[in-house]
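**Student:** What follows is a single structure, and I will ask about it in a moment.
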């Protein structure tokens, strides 16, 4: 029975594979393609098999009468004969018998089960050549074995002849009474010598053909299916290893748990990016979308945090451009206004302003003109019930110095006196110092982090810069978050939402399927 920790571990591994699936798929495909290419480029190899019966040699001496004495272990004897078959002497004989210009391919001998039958296999690119070579090896071994047997018998005959000659010398020197036993012994040796001569003439060496080789019709190599299966297994293992290695080395923020490991600042919302059908915030275009519910949850968290510490002037920023700070700021302002609060959205990004494009209003006059003395009434645009906008205005040559000026504080306090919430779309932290300079004039800073885009180091550096100037960072927003399956709530986007911490849609509101989009 698996524990909860083990189940979470398996889920984490599954998420890594899903997240890095293209690495796994790529390694698998590369291995399969490589295997198929090698199979196509490799010449087919054919194997022919012949079989022969090999009687193990006995180790008895010439003068031993019991042939069962000193018989070697049968298995060991068969292995010894296989070594002879695969040896250089038999191979050279095959070359000579077939009149080959070079040594033939090596032979592979194996015992057939627990019998004395030896299988002789030879491989060649030519099926007919494989068959001829297998038969040639069998014939060469049998002839070699026969010659060795004849040599052994002839050597034994020479020993017997020496004994007979020695006995004849003794007979010639002995008297008549001593000659009788010597003559009888000499007669026995002569009889044994005759038997050896007959045996030498008739011996086969103890090896014979059991089955001649047949011409093979199907190659034994390459085996595309087997090679592909093996390559797929190796590619899968390599792909999984590479996926886990890349994931281990990946420093990007993916889930709200990653953010919680970096800082004690609360993650107030995990937002799926769902682009509206037009250029307006999704909270205006499609108020029933699931992402809007997340923004409403963010609104509730902001209101709750503002019970103890006033949060009227809120700067929304991010570590890098393109993480969704403008999307978050505009939608937060909209849902606050929809709750009946007087809200003014200020485009404080004087380098790449976007708010005027989102709401389709003229960019000038705006914040720059207000800081240069333009009356508030001239720069605040009325967008609808309770919602107002201050565009960035003319892009100045020195945005950072302008944000450090006390006029910004005066302007924001004047807006706060007329509205319940002032939401600033601030520049990113790492590329420029504008947000760090602006942070001193606000009641709270909300940092947006886009999942799978910004690294943990970047987030830590951004928070450290804000901390060094005493910026009141009150929360984080994880944008375009992936589905998470840890305890305490899940978040997702796409088809089939899963959610825990953010408030779910009303029972009579079905979340519409989301569409992929890009944060601004």
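**Student:** Specify which of the listed residues (138, 117, 112, 84) is touching a residue at least 24 places away in the same chain (Cβ under 8 Å), within 23 Å of residue 53 (Cα to Cα) and touching a helix residue (DSSP H, G or I) at 6+ places or on another chain (Cβ under 8 Å).
**Tutor:** Working: 138 fails: touching a helix residue (DSSP H, G or I) at 6+ places or on another chain (Cβ under 8 Å); 117 fails: touching a helix residue (DSSP H, G or I) at 6+ places or on another chain (Cβ under 8 Å); 112 fails: touching a helix residue (DSSP H, G or I) at 6+ places or on another chain (Cβ under 8 Å).
Among 138, 117, 112, 84, only 84 is touching a residue at least 24 places away in the same chain (Cβ under 8 Å), within 23 Å of residue 53 (Cα to Cα) and touching a helix residue (DSSP H, G or I) at 6+ places or on another chain (Cβ under 8 Å).
**Student:** With respect to the numbered conditions (1) surrounded by fewer than 23 Cβ atoms within 10 Å (Cβ to Cβ); (2) touching a strand residue (DSSP E or B) at 6+ places or on another chain (Cβ under 9 Å); (3) at negative phi, which one is the sole condition not fulfilled by residue 400?
**Tutor:** (2)
**Student:** Another question about this same structure. As an exercise: evaluate residue 318 against (1) buried (at least 24 other Cβ atoms within 10 Å of the Cβ); (2) without any contact (Cβ under 8 Å) to a residue 24 or more places away in the chain and give the number of the one condition it does not meet.
**Tutor:** (2)
**Student:** Are any of the residues in the stretch 362-383 in contact with a helix residue (DSSP H, G or I) (Cβ under 6 Å, 6 or more places away or on another chain) and touching a residue at least 60 places away in the same chain (Cβ under 8 Å)?
**Tutor:** no
**Student:** To continue, here is another question. Which of the numbered conditions does residue 387 fail, given that it passes all the others? Conditions: (1) touching a strand residue (DSSP E or B) at 6+ places or on another chain (Cβ under 6 Å); (2) touching a residue at least 60 places away in the same chain (Cβ under 8 Å).
**Tutor:** For residue 387, the failing item is (2).
**Student:** Further question: What's the total number of residues in the stretch 81-105 that are more than 23 Å from residue 220 (Cβ to Cβ) and in a loop (DSSP other than H, G, I, E, B)?
**Tutor:** 3
**Student:** Sticking with this one: Only one of (1) outside the structural domain of residue 426 (by TED's automatic domain parsing); (2) at pLDDT 90 or above fails for residue 243. Which number is that?
**Tutor:** (2)
**Student:** Next question, about the same structure. Going by the structure shown, is residue 284 buried (at least 17 other Cβ atoms within 10 Å of the Cβ), assigned by TED's automatic domain parsing to the domain that holds residue 428 and under 23 Å from residue 427 (Cβ atoms)?
**Tutor:** Values: buried (at least 17 other Cβ atoms within 10 Å of the Cβ): yes; assigned by TED's automatic domain parsing to the domain that holds residue 428: yes; under 23 Å from residue 427 (Cβ atoms): no.
Against the criterion (buried (at least 17 other Cβ atoms within 10 Å of the Cβ), assigned by TED's automatic domain parsing to the domain that holds residue 428 and under 23 Å from residue 427 (Cβ atoms)), residue 284 does not qualify.
**Student:** For the subset of the stretch 163-206 comprising residues that are in contact (Cβ under 8 Å) with a residue 60 or more places away in the chain and in a loop (DSSP other than H, G, I, E, B), which member is surrounded by the fewest Cβ atoms within 10 Å (Cβ to Cβ)?
**Tutor:** Among them, the one singled out is 204.
**Student:** Out of the residues in the stretch 207-229 that are buried (at least 16 other Cβ atoms within 10 Å of the Cβ) and out of contact with any helix residue (DSSP H, G or I) (no Cβ under 6 Å at 6 or more places or on another chain), state the one that is farthest from residue 165 (Cα to Cα). Full working, then the answer.
**Tutor:** Residues of the stretch 207-229 that are buried (at least 16 other Cβ atoms within 10 Å of the Cβ), as a first pass: 207, 210, 213, 216, 219, 222, 227-228.
With the extra rule that they be out of contact with any helix residue (DSSP H, G or I) (no Cβ under 6 Å at 6 or more places or on another chain), the set shrinks to 210, 219.
Numbers: 210: 43, 219: 62 Å.
Across the stretch 207-229, the extreme among qualifying residues is 219.
**Student:** Among the numbered criteria (1) assigned to a loop (DSSP other than H, G, I, E, B); (2) under 30 Å from residue 478 (Cα atoms), which one does residue 216 miss?
**Tutor:** Condition not satisfied by residue 216: (2).
**Student:** Which one is farthest from residue 35 (Cα to Cα) among residues in the stretch 230-258 that are crowded, with 18+ Cβ neighbours inside 10 Å and more than 9 Å from the chain's Cα centre (by Cα)? Explain how you work it out, then say what you get.
**Tutor:** Initial filter on the stretch 230-258 (crowded, with 18+ Cβ neighbours inside 10 Å): 231, 235, 239-240, 243, 247, 253-256, 258.
Pick out the ones that are also more than 9 Å from the chain's Cα centre (by Cα) and you get 231, 247, 253-256, 258.
Working: 231: 6, 247: 27, 253: 37, 254: 36, 255: 38, 256: 42, 258: 40 Å.
Filtering first and then ranking leaves 256.
**Student:** Might you let me know whether the stretch 106-119 holds any residue that is farther than 16 Å from residue 211 by Cα and assigned to a helix (DSSP H, G or I)?
**Tutor:** Scanning the stretch 106-119 turns up no residue that is farther than 16 Å from residue 211 by Cα and assigned to a helix (DSSP H, G or I).
**Student:** Given the conditions (1) modelled with pLDDT under 95; (2) touching a strand residue (DSSP E or B) at 6+ places or on another chain (Cβ under 7 Å); (3) surrounded by 13 or more Cβ atoms within 10 Å (Cβ to Cβ), which single one is not true for residue 125?
**Tutor:** Among (1) modelled with pLDDT under 95; (2) touching a strand residue (DSSP E or B) at 6+ places or on another chain (Cβ under 7 Å); (3) surrounded by 13 or more Cβ atoms within 10 Å (Cβ to Cβ), the lone unmet condition for residue 125 is (3).
The values are calculated or read from the model by the stated rules, or taken from the named source; none is laboratory data. What you are looking at is a predicted structure, and each value in this text was computed from that prediction instead of being measured. Reconstructed Cβ throughout: ideal geometry from the backbone, glycine too, with neighbour counts over all protein chains shown.
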